Each structure stands twice: as C-alpha cells, then as structure tokens.
1. Taking 0.36 nm per intervening residue step and subtracting the Cα-Cα distance, what contour gain separates R165 from Q119 on full extension?
2. 7 Å from Cα along Cα→Cβ at both R74 and V57: what's the point-to-point distance in nm?
3. Need one number: nm distance between label points at T127 and R13, each 7 Å from Cα along Cα→Cβ, rounded to one decimal.
4. Around R74, which amide H atoms from residues at least 5 apart in sequence, or from another chain, sit under 5 Å from its own amide H, with H modelled in the peptide plane?
5. Stretch T84-M139 to full length: gain in nm at 0.36 nm per residue minus the Cα-Cα span?
6. Multiplying the sequence separation of D148 and I67 by 0.36 nm and subtracting their Cα-Cα distance, what value in nm do you get?
7. If you count only protein heavy atoms and use a 1.4 Å probe, how large is the accessible surface of D17, to the nearest 10 Å²?
8. Considering only protein heavy atoms and a 1.4 Å probe, what is the carbon-and-sulfur percentage of the accessible area of segment 1-156?
Amino acid sequence: MAHERPGEPPSSRIRLDQPRIRRSKLLPEYDPEAFGRLSERVARFIGTGRFLVWMTVIVVVWVVWNISAPGDLRWDEYPFIFLTLALSLQASYAAPLILLAQNRQADRDRVNLEQDRKQNERSIADTEYLTREIAALRMGLGEVATRDWIRSELEDLVRELDERRNGRRDDRRDLFPPGASRGSDEPDR
C-alpha cells in the first residue's frame, strides 16, 4: 500500500473507518445510571419506618443474645465492639448513598426547573403577542362601523324621514314617493 512505511507491519496502522479496540482498564467498569438507581432505592429504603423497625429488632436481638446466651455462644461481649463496628460501617455506606441520591434528585429538579422556565418564557411571549393582537383589533375596531353606530344612524334617518312626511316638506325630493311600489327599484333605474 502507498501509505505504509517501510518496515512497519500493516496491523499497526490506525484505521479511521473501524472502531478503536478498547484497552483493558485497571478500574472496574460500571453503569453510573444503574448505580445511581440502586443508591436511590437504598436511600429510599433507609428513610422508611420499615428500615428503622428492622434495625431496632436486629440491635435488640443482638444485645439480648450477647447478654443472655451461654458464654461460648456469644460472639460480641458487653461493650458490643462488633455491633458498633457494624453500625458504623452501615452509616459510612448509607451517608454517601443518600448524598448521591440527593444529588441525582437535585439534577432532576434543575432540569425540571429549566424546562418550567422555558415554558414560562414561551407562555409570556404568547401572552404578549396576543395582547398586541387584541390591541391592534381594538384600534381597528375604532375605525369600523359598529352595530350600535349603524343603528343610531338609521334611527336618525328614520326620524328625519318621519319629520318630512309629517308636513315639514321642503323643496327636497321625496325619498319614497307615494305612487311608487316599495318592493321594486325599477323607477330609479
């Protein structure tokens, strides 16, 4: 091939059209989402009354057994060093798991807050647009003849016609002459 260097084996070339072979890592790989979901489940369980009841039962049984059992069956004598160690170990794992669950909840809340903020911005923009449109319609309606205005103009015309018919005829022509039929406009053509 034209791009191979002399003395270099063809397998050492990096090909861009194929995925890179993953090197083994020193640290184990894990799915952060699965670990986060597990920590939330643990934190949710630790915060329940059921957990407190089971923890209390275990501690009471532990203490009663190690006080009242025969000497050779006791595994933790009076200062209960092993019980203290177990409770400290449980607390040392519970605290970071609870913090991890709280951080995940805070991230979800932040995303929801951002979505709510964007939705509020869209709603405000829509409201402002509709307000401008309503204002434009009101201004346009100021120039349009409304039903009440037309009605008042027609009432004025009818009043004027009645005044002309009631003897106040002047030299103006009669709008509806007595001899013409009222349903046709042929004489006016």
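The values are calculated or read from the model by the stated rules, or taken from the named source; none is laboratory data. Please read all numbers here as calculations on a predicted model, not as lab measurements. For neighbour counting, all protein chains shown are included, and Cβ atoms are generated from backbone atoms with ideal geometry for every residue, glycine included. SASA here: full protein model, heavy atoms, side chains in, ligands and nucleic acids out. Shrake-Rupley method; radii C 1.70, N 1.55, O 1.52, S 1.80 Å.
1. 9.9 nm
2. 2.5 nm
3. 6.5 nm
4. Those qualifying (amide H under 5 Å, at least 5 residues apart or on another chain) number zero.
5. 11.8 nm
6. 19.3 nm
7. 110 Å²
8. Using a 1.4 Å probe with all protein chains present, segment 1-156 comes out at 63 percent carbon and sulfur.
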